1. Quick check on segment 270-280. Is at least one of its residues hydrophobic (A, V, I, L, M, F, W, C) and in contact with a helix residue (DSSP H, G or I) (Cβ under 6 Å, 6 or more places away or on another chain)?
2. How many residues are over 13 Å from A306 (Cβ atoms) and touching a Cys at 6+ places or on another chain (Cβ under 9 Å) when one looks only at segment 325-360?
3. Within segment 282-291, can you find the residues that are of a type outside the set (S, T, Y) and in contact with a Pro (Cβ under 9 Å, 6 or more places away or on another chain)?
4. When you look at L407, is it of a type in the set (A, V, I, L, M, F, W, C), in a loop (DSSP other than H, G, I, E, B), buried (at least 18 other Cβ atoms within 10 Å of the Cβ) and touching a Leu at 6+ places or on another chain (Cβ under 8 Å), yes or no?
5. Report whether or not L238 is surrounded by 22 or more Cβ atoms within 10 Å (Cβ to Cβ), of a type in the set (A, V, I, L, M, F, W, C) and free of Cβ contacts under 8 Å to residues at least 40 places away in the same chain.
6. Out of the residues in segment 94-125 that are without any contact (Cβ under 8 Å) to a residue 60 or more places away in the chain and surrounded by fewer than 17 Cβ atoms within 10 Å (Cβ to Cβ), state the one that is nearest to Q331 (Cα to Cα).
7. Just need a number here: residues in segment 171-183 that are over 15 Å from K139 (Cα atoms), of a type in the set (A, V, I, L, M, F, W, C) and surrounded by fewer than 24 Cβ atoms within 10 Å (Cβ to Cβ).
8. Kindly provide the set of residues from segment 184-202 that are crowded, with 17+ Cβ neighbours inside 10 Å and closer than 20 Å to V136 by Cβ, ordered by number.
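The values are calculated or read from the model by the stated rules, or taken from the named source; none is laboratory data. Note that the structure is a prediction, hence the values are computed from the model and not measured. In this analysis, Cβ positions are derived from the backbone assuming ideal geometry, glycine residues included, and neighbour counts consider all displayed protein chains.
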Amino acid sequence: MKCQRFVRIACAVAWLGLAGGMLLGCSDLLEPEVYSELTPQTFFSSEADFNSAVIAIYNAFSTDWGNLDQGDGQWYAALYNHDRKTYWARSEITTDEYATGWDPTFTTFAWGPATFSGVEASDYMKIRYVARATDVIDKIQKSSANVPEHIKARYIAETKVLRAWLMYILYDFFGPVNVKLDPATLYSTEITPRPSKEEYVAAIERDLQEAIPHLPDKYNNDPANWGRVSKGVARMLLLRLYMHEKRWAEAENVAREIMNMGYTLMPDYTQICEERNPELIYAVPADASSPNWYWMEILPNDFASAQVGDRTITGPQGWGGFWMPWSFYDQFEENDKRRQTLLSSYTNIRGTVVTRQRMRGAIPLKCIGNLGTSAGAEIDWPVFRYAEVLLSLAEAINEQRGPAEALQYVNMVRQRAGLAPWTTAEITSREQLRDSLLVERGRELYSEGVRRQDLIRHGKFVEYARLRGINAQPHHVLFPIPLFVIEQGGGVVEQNPGY
């Protein structure tokens, strides 16, 4: 059974059932609530209790819509849901890869500190889950339950990876934020300043490195635990962190460690979403109890079927809220097999073939399979894939030693796409491969929520936005700290520059 199926139950058990109420003195929205007055003696008394508490943290990562936060009574969107308010969506619609008419505030870079309030602060408010993870780690460490030490260590490691992942997401969007990592401060109402970049990054790195020795390598062959974080996930987060920080040697080292873990490219790009396939390092599990709404978001409201290679696929009449601009679609070479997962035509419910001339943009299917119904789909959503490891390794090597050694890794991805390998006769400089890799990453990893990170790392985020006619400024590489946080901080919490 997929791990994600436990999330709804575990959330109720671990946080609703545990919570007699919020901590006294923590009604302020700025404070990450750890809303439990229970002690290790009253709840963390068995492995089942550990499991329930840890699984509850996964609720933040769902593809389902989101949940009501019991700390402040506000509904917040989940990180990997495909609504416009999510980490996934804002990582896409602020780039050249996606377009939408649903959120002009973000597509035109018109956001400001006041934008991020209520449900619009869903990403920032995952800071509460960091505090909850700290609480879980502390309570498991202090528990006197009759649980073998290596089992306790595994649950602690799992929670540290989830905490690091949440911290990385917050860092990606907002820079360092004042997370609570010391359990002694969880019950304090004191507002603390934001840490330095160095302190914050070191905390993420420390959690991941401490977790790795205590985790299984992967869960691809373990259906009962698929959806849990593993050693592969921890290393993948380290890879993204090192790429973000341009720590190329460390990125290369961790990418090579992942290469030795038995992951491999699927033979065909249309297979990359198959459940637990050996290319997936992590995918958010989806099923009837926690569905994936992606295809409802991208399919037109008159969609009936489409041709993908020699296959006819069907799907629901969707909302058509997101599409890929033709300018991005046209970056794919005509013989690129990945184009099969992008629709430039479809048959509507009246039996008429709708072609490019009548479409706002391409339909980015990404996954090929049972696209579900109006109640969502049961296709796991890829977050970390081996293809990204190969492309990141190529980039890290290129930044250190140039293209000659790096080309073999990007060519593994290109050849799977049916494209000719790049050669040193074509790619003659570090700068040329750097620019080419950015394009290749866009074609390989589209819809996977990494485009914004990639453009920022390459110094192209603002430049590309300006090419789309947007008045983008250098400070837009970070979102602002929400206004309510600044106001409640009383001068303690600094705003990001430019806001």
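1. Here is the first cut: in segment 270-280, the ones hydrophobic (A, V, I, L, M, F, W, C) are 272-273, 280.
Filter once more, so that each one left must be in contact with a helix residue (DSSP H, G or I) (Cβ under 6 Å, 6 or more places away or on another chain): none.
No, every residue in segment 270-280 fails to be hydrophobic (A, V, I, L, M, F, W, C) and in contact with a helix residue (DSSP H, G or I) (Cβ under 6 Å, 6 or more places away or on another chain).
2. Qualifying residue count for the region: 0.
3. Of everything in segment 282-291, those that are of a type outside the set (S, T, Y) and in contact with a Pro (Cβ under 9 Å, 6 or more places away or on another chain) turn out to be A283, V284.
4. no
5. Against the criterion (surrounded by 22 or more Cβ atoms within 10 Å (Cβ to Cβ), of a type in the set (A, V, I, L, M, F, W, C) and free of Cβ contacts under 8 Å to residues at least 40 places away in the same chain), L238 qualifies.
6. Per the stated criteria, the residue is P104.
7. Count: 3.
8. If the condition is that a residue be crowded, with 17+ Cβ neighbours inside 10 Å and closer than 20 Å to V136 by Cβ, then L186 is the only one that fits.
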